[in-house]
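Novice: Structure provided below as structure tokens; questions to follow.
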Amino acid sequence: MNNQQPPNLLIAASGTGGHLFPALAVAEQLAEYQIQWLGVPHRLETKLIPQHYPLSTVKLEGFQGGLGLGTMGIAFRIPPAVIKVLNLMRKHNIKAVFTTGGYIAAPAIIAARIRGIPVILHESNAIPGKVTRWFASWCHTVALGFPIAEQFFPRQRSVWVSTPVRQSFHSPQNLDLPIPDNVPLIVVAGGSQGAVAVNQLVRHCAQAWLDAGAMMVHLTGERDREVNTFQHPHYYTFPFYDNMAGLLQRADMVISRAGAGALTEFAITRTPAILIPLPSAAEDHQAHNAQLFVEAGAAVCYRQEELTPEMLKKTVLEWLASPETLQTGGENAATLVKPDSAQQMAQIIRQAVT
């Protein structure tokens, strides 16, 4: 790029931390770009993005389930969204689109196709989402979080880059909690939306783990009405925690859903995981994500409908009693990711714009 004006990039990422945090990690690597962000009203991006980048929103919903009246209603919202994105692209002279998938990707990809500008799409899950599969052929590059997803794109340019994580995960972070170095730390994280069912399971088990000498940090989300029903001096509870990098670097184990972004953060910080995939995840993609970590010896996985407090309690106590198991699990997790994923994604974007 020989012009003196910085290139303008539209990032389309919306909804959950699994879409937003990888996109932010890539944006951190593109300091030479002028970035506009596309999202949806009333989602996490409205709280997270404006402090970093200009945010525009379009009214749109997800494509869940099969065809029906609801799907048709959503489809009618796409043309106005595309028109709004086209106007945004013209106003800011957008040269390329980077998206992490999800339904916000649809109007961004369609508008880019009309404008004739390249789209770089990152799909973090082992089972690609509907929008990714529908629009992959319109993308310059489809970057993948897991190599197994390549089978869905036999004729499309795809490349495994792992899932980008924010720069803070690659350097030691201070933890502003009074947790001694010699005490095992259990972190419970239900994802950016919280996980009430996981919270309930954990509260049934927490006393036994604390009695065994552990400390706990429990991230409950904001929708758990029973959040204060268990209290203990060594049990810390927060709706969210900003310094996830520092928390996972200190953690001896994590109990979590199985979103691809979170799994990558566990792998980067070498944190072994007990995974409880979200039962309602589209096409059960969290279970497929989790299975890759189970096969690598980096995690154990339980179906929520099958997991009892007794099972979860027993597994954690066994892990607490076996530092070797924790160390091996963390080492195995590290083999599943590329630490320079964000840098690779940034370079793919630069090459597409050149």
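Derivation of every value follows stated rules applied to the coordinates shown; laboratory data play no part. Note that this is a predicted model, so its numbers are computed, not measured. Cβ atoms come from the backbone with ideal geometry, glycine included; neighbour counts cover every protein chain shown.
Novice: What residues have an amide H closer than 5 Å to that of THR237, excluding those fewer than 5 places away on the same chain, when H is modeled at 1.01 Å from N in the peptide plane?
Specialist: Answer set, sorted by chain and number: HIS218.
Novice: Evaluate the distance, in nm, between pseudo-label points positioned 7 Å from the Cα of VAL159 and of ASP176 along their respective Cα→Cβ axes.
Specialist: 3.9 nm
Novice: Report the calculated FRET efficiency for GLU318 and ALA197 (r = Cβ-Cβ distance, R0 = 22 Å), to the nearest 0.05.
Specialist: On the way: r = 22 Å, r/R0 = 1.02.
For GLU318 and ALA197, the calculated efficiency is 0.50.
Novice: How long is the chain along each principal axis, judged by its Cα atoms, biggest number first, in Å?
Specialist: Largest to smallest, the principal-axis extents are 61, 47, 38 Å.
Novice: How far apart, in nanometres, would the label points at HIS52 and GLN34 be if each is projected 7 angstrom from Cα along the Cα-to-Cβ direction?
Specialist: The two pseudo-label positions are separated by 2.0 nm.
Novice: Bin all alpha-carbon pair distances of region 115-263 at 10 Å intervals from 0 and give each bin's fraction as a whole percent.
Specialist: Reading upward from the zero bin: 10, 32, 26, 19, 10, 2, 0.
Novice: In the chain, what is the count of Lys pairs whose alpha carbons are under 29 Å apart, counting only pairs at least 8 residues apart or on separate chains?
Specialist: Lysine pairs meeting both conditions in the chain amount to 15.
Novice: Net charge near ARG257: determine it from the other residues with C-beta under 15 Å of the C-beta of ARG257, scoring Lys and Arg +1 and Asp and Glu -1. Before the final figure, lay out the partial values.
Specialist: On the way: positive: ARG223, ARG303; negative: ASP224, GLU265, ASP284, GLU305.
Charge balance in the 15 Å sphere: -2.
Novice: I'd like the orientation of helix 341-353 relative to the chain: the angle between its Cα long axis and the longest Cα principal axis, in ° from 0 to 90, rounded to 10.
Specialist: Between the helix axis and the principal axis of the chain, the angle is about 0 degrees.
Novice: Which one of PRO272, PRO107, PRO233 has the biggest mean-square fluctuation once the chain is modelled by GNM with Cα springs under 10 Å?
Specialist: Comparing PRO272, PRO107, PRO233 in the GNM, the peak value goes to PRO233.
Novice: With a cut-off of 8 Å between alpha carbons and a minimum separation of six or more residues, what is the relative contact order of region 203-354 in percent? Present the calculation step by step, with values, prior to reporting the outcome.
Specialist: On the way: 184 pairs, mean separation 33.6, N = 152.
The normalised contact order for region 203-354 reaches 22 percent.
Novice: How tilted is helix 285-295 with respect to the longest principal axis of the chain? Cα atoms for both, answer in degrees (0 to 90, nearest 10).
Specialist: That works out to roughly 50 degrees.
Novice: Can you run phi through the Karplus equation (6.51, -1.76, 1.60; θ = phi - 60°) for region 207-218 and list ³J(HN,Hα) in whole Hz, with x for Gly and Pro?
Specialist: 4, 5, 5, 5, 5, 7, x, 7, 10, 9, 10, 10
Novice: Let me ask something else about it. For region 293-336, what is the Kirkwood estimate of the hydrodynamic radius, computed as the reciprocal of the mean inverse distance between distinct Cα atoms, to one decimal in Å? Before the final figure, lay out each step's value.
Specialist: Values: mean 1/r = 0.0888 Å⁻¹.
About 11.3 Å for region 293-336.
Novice: Now, a different point. So, with +1 on the Cβ of K and R and -1 on the Cβ of D and E, and no other charges, what is the size of the charge dipole of region 169-334 about its Cα centre, to the nearest 20 debye?
Specialist: Numbers: 9 positive and 18 negative charges, 38 e Å.
Dipole about the Cα centre, nearest 20: 180 debye.
Novice: For the chain, calculate the relative contact order in percent as a whole number, restricting contacts to Cα pairs under 8 Å that are 6 or more residues apart.
Specialist: On the way: 693 pairs, mean separation 59.0, N = 354.
Worked out over the chain, it gives 17 percent.
Novice: Considering amide H positions built from the backbone, and no H for Pro or chain starts, which residues 5 or more places from ALA126, or on another chain, come under 5 Å of its amide H?
Specialist: ASN289
Novice: I'd like to compare 97-104, 134-141: which one has the highest average count of other Cβ atoms within 10 Å, and what's the full order after that? Don't jump to the answer; show the numbers that get you there.
Specialist: Values: 97-104: 27.9, 134-141: 18.2.
Going from most to least packed, we get 97-104, 134-141.
Novice: From the phi angles alone, apply the Karplus equation (6.51, -1.76, 1.60; θ = phi - 60°) to region 320-335 and give each ³J(HN,Hα) in whole Hz, x where the residue is Gly or Pro.
Specialist: Values, residue by residue: 4, 7, 9, x, 5, 4, 5, 5, 5, x, x, 5, 5, 4, 5, 6 Hz.
Novice: Another question, then. Taking the Cα of ILE148, stepping 7 Å toward and past its beta carbon, and measuring to each backbone N in region 286-329: which are under 18 Å?
Specialist: Hits in region 286-329 for ILE148 at 18 Å: 286-304.
Novice: Let me ask something else. Treating only the Cβ of Lys, Arg, Asp and Glu as charged (+1, +1, -1, -1), what charge dipole size does the chain show about its Cα centre? Round to the nearest 20 debye. Don't skip to the end; give the middle numbers.
Specialist: Details: 26 positive and 25 negative charges, 350 e Å.
It comes to approximately 1680 debye.
Novice: Given N residues in region 169-334, what is Rg(Cα) / (2.2 N^0.38 Å)?
Specialist: Details: Rg = 14.4 Å, N = 166, 2.2 N^0.38 = 15.3 Å.
Against the compact-globule rule of thumb, the ratio is 0.94.
Novice: Taking DSSP loops as anything outside H, G, I, E and B, show the longest stretch in the chain free of GluC sites (Glu not before Pro) there with at most 12 other beta carbons within 10 Å. Provide the component values of the computation, followed by the final result.
Specialist: On the way: sites that count: GLU32, GLU61, GLU222, GLU226, GLU305, GLU306.
It works out to 62-221.
Novice: Once every DSSP H run of n ≥ 4 in the chain is given -39500 (n - 2.57) and the sum is divided by its residues, what mean residue ellipticity at 222 nm do you get, rounded to the nearest 500 deg cm²/dmol?
Specialist: Working: 12 runs with 137 residues, N = 354.
Calculated from helices alone, the mean residue ellipticity at 222 nm is -12000 deg cm²/dmol.
Novice: Give a residue-ordered list of calculated ³J(HN,Hα) values for region 262-279 (Karplus: 6.51 cos²θ - 1.76 cosθ + 1.60, θ = phi - 60°; whole Hz; x for Gly, Pro).
Specialist: Rounded to whole hertz, the list is 5, 4, 5, 4, 4, 5, 4, 8, 6, 9, x, 10, 9, 9, 10, x, 5, x.
Novice: Would you tally the net charge around PRO107, using a Cβ to Cβ cut-off of less than 13 Å, leaving PRO107 out, and scoring K and R as +1, D and E as -1?
Specialist: Net local charge, PRO107 excluded: +4.
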